[in-house]
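The values are calculated or read from the model by the stated rules, or taken from the named source; none is laboratory data. The structure displayed is predicted, hence computed values, not measured ones. Using ideal geometry, Cβ is built from the backbone for each residue, glycine included, and neighbour counts are taken over all protein chains shown. Protein only, heavy atoms only, side chains kept; ligands, DNA and RNA dropped before computing areas. Shrake-Rupley method; radii C 1.70, N 1.55, O 1.52, S 1.80 Å.
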Amino acid sequence: ESLLRDFYKNDNIIITNIGQGTATTAKLIKNWDNVADFEDHDLIILMVGTNDSRPVKELSVTDYYNNLVKILDYTGSTPVVFLGITPRFKESVTGDGDNVIQFYRSVCEQFADEHNLLYIDMFNSIMNMYKNRSLSRGVISPDGSHYTNIGYKTIAEIIFTEVFLNDDIKIKPNQFKDIAGQWVVR
């Protein structure tokens, strides 16, 4: 919110975070009517699937894809930016760690491509920060699954750069609906 307010010099920009711990795509679908009314929103930034990809949840990649389609249907005509699953590093939290995520990441890419959504590969964005040593894992995610305030700030900065500073996407607040269907940037 502060990045957008500063960038657009507009204090009326409001970001609503409806993220919930332990949420899965099935839980989001089940509780959609209780989560938020998106009719008046200009943009939805969607990142779901980390919990779906945990082996203990037993959700197939086919069911994950189908749930994403249902969620997208619920968003109506509001443009969606779709974020890929972020890295997990602790096998004790996830069973197979990042190996399992790779299957869900491919579903994310396929889903975004088939539905003409702007897709941000959060896995590679964050991994590149680790490799370049601009971030350490413990600072943004102490358990390999949940994020600290610095971690969420990092994610917000990635989104801001990829969407709002992208030369191929020139948008302003209250103009997002005018560009629905034109979200493919590679």
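Students often get this wrong, so check it: of 131/153; 27/131; 9/131, which have C-alpha atoms separated by over 23 Å?
Those over the limit are 27/131; 9/131.
What number comes out for the charge environment of residue 3, summing +1 per Lys or Arg and -1 per Asp or Glu over other residues with Cβ under 10 Å away?
Overall, the nearby charge balance is -1.
Based on Cβ point charges of +1 for Lys and Arg and -1 for Asp and Glu, what charge dipole magnitude is obtained for the range 110-153 about its Cα centre, in debye rounded to the nearest 20? Could you put the intermediate results ahead of the total?
Details: 4 positive and 4 negative charges, 76 e Å.
Taking the Cα centre of the range 110-153 as origin, the dipole is about 360 debye.
Once phi is turned into θ = phi - 60°, what whole-Hz ³J(HN,Hα) does the Karplus curve with 6.51, -1.76 and 1.60 give for every residue of the range 63-79, x standing for Gly and Pro?
Values, residue by residue: 5, 4, 4, 4, 5, 4, 4, 4, 4, 4, 4, 5, 6, x, 8, 6, x Hz.
At 1.4 Å probe size, with no ligands or nucleic acids counted, give the accessible surface of residue 131 in Å², nearest ten.
Using a 1.4 Å probe on the heavy atoms, I get roughly 140 Å².
Report, in whole Å, the centroid distance computed from the Cα atoms of the range 51-87 and the range 118-157.
20
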